[in-house]
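The structure appears right after this line, and notes come after that.
The values are calculated or read from the model by the stated rules, or taken from the named source; none is laboratory data. Small disclaimer: the values here were computed from a predicted structure and weren't measured. Glycine also receives a Cβ, built like all others from the backbone with ideal geometry; neighbour counts cover every protein chain displayed.
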Amino acid sequence: MSDPRGQSTVGQEYGSAAYQQRAGYGEPQYAEPAPSAGAAAGTVLAGVLMMLGGAWDFFTGLAAVVRHGFFHPVSSTYAYHWDIQSWGWTVLCIGAVIFAAGVTVLMGMTWARVVGVILASLSAISAFMFIPYYPVWGIILVAIDLYIIWALVTVGRRRASV
């Protein structure tokens with residue numbers, strides 16, 4: 001017995017995935033490349049930065065909620081105006097969730113990378129809103145969040161095996 005290409009199929013199941021792949025049927029098989037040391041280190045660093053950034057956001061939000069006069073804007077000409085207490089609650093909640101997502105990224109959960117990208121985007125937006133209060137630190141936080149997004153997106157790409 002032979003397949004459509006004339007190759008012998010003796011001892012093989014007719015409906016098996018291996019037979020279908022050789023016969024040109026079925027889904028292409030993907031080789032999962034072993035993550036490089038740099039990619040793995042980038043993911044670990046992203047998880048650690050998420051945990052540190054989440055803790056920082058949590059305590060920043062807590063300071064804004066507990067002590068209303070703790071943060072004063074450097075400039076009053078900023079286009080976006082927030083009530084400092086509502087901003088504090090927002091940052092406090094985002095920080096707690098980012099910390100938990102950072103822990104799950106370090107545990108290697110795939111869904112945590114997707115959640116981490118979404119939360120790092122929200123953190124970058126909240127850091128952008130933080131710029132009138134601490135301009136340099138706000139820009140540094142945006143840059144860190146962009147690195148986290150990049151590190152979480154670039155890990156685990158699949159390529160078709162030929």
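Has the stretch 58-75 got any residue that is among the small types (Gly, Ala, Ser) and modelled with pLDDT under 70? Show your work before the answer.
Filtering the stretch 58-75 down to residues among the small types (Gly, Ala, Ser) leaves 61, 63-64, 69, 75.
Subsequent filtering for residues that are modelled with pLDDT under 70 retains 75.
Scanning the stretch 58-75, I find at least one residue that is among the small types (Gly, Ala, Ser) and modelled with pLDDT under 70, so the answer is yes.
Condition (residue is hydroxyl-bearing (Ser, Thr, Tyr), under 16 Å from LEU62 (Cβ atoms) and modelled with pLDDT of 85 or more) applied to the stretch 124-146: is it met by at least one residue?
no
Name the residue that is modelled with the highest pLDDT, counting only residues in the stretch 76-105 that are of a type in the set (S, T, N, Q) and in a helix (DSSP H, G or I). Outline the logic, then answer.
Step one: list which residues in the stretch 76-105 are of a type in the set (S, T, N, Q), which gives 76-77, 85-86, 90, 104.
Still in the running and in a helix (DSSP H, G or I): 85-86, 90, 104.
On the way: GLN85: 80, SER86: 81, THR90: 86, THR104: 93.
Among residues in the stretch 76-105 that are of a type in the set (S, T, N, Q) and in a helix (DSSP H, G or I), the one modelled with the highest pLDDT is THR104.
Of all residues being among the hydrophobic types (A, V, I, L, M, F, W, C) and not in a helix (DSSP H, G or I) in the stretch 106-137, which is nearest to ARG67 (Cα to Cα)? Just the residue, please.
So in the stretch 106-137, the residues among the hydrophobic types (A, V, I, L, M, F, W, C) come out as 106-107, 109, 111-112, 114-115, 117-120, 122, 124-125, 127-131, 136-137.
With the extra rule that they be not in a helix (DSSP H, G or I), the set shrinks to 107, 109, 130-131.
Details: MET107: 35, MET109: 37, PHE130: 16, ILE131: 19 Å.
Filtering first and then ranking leaves PHE130.
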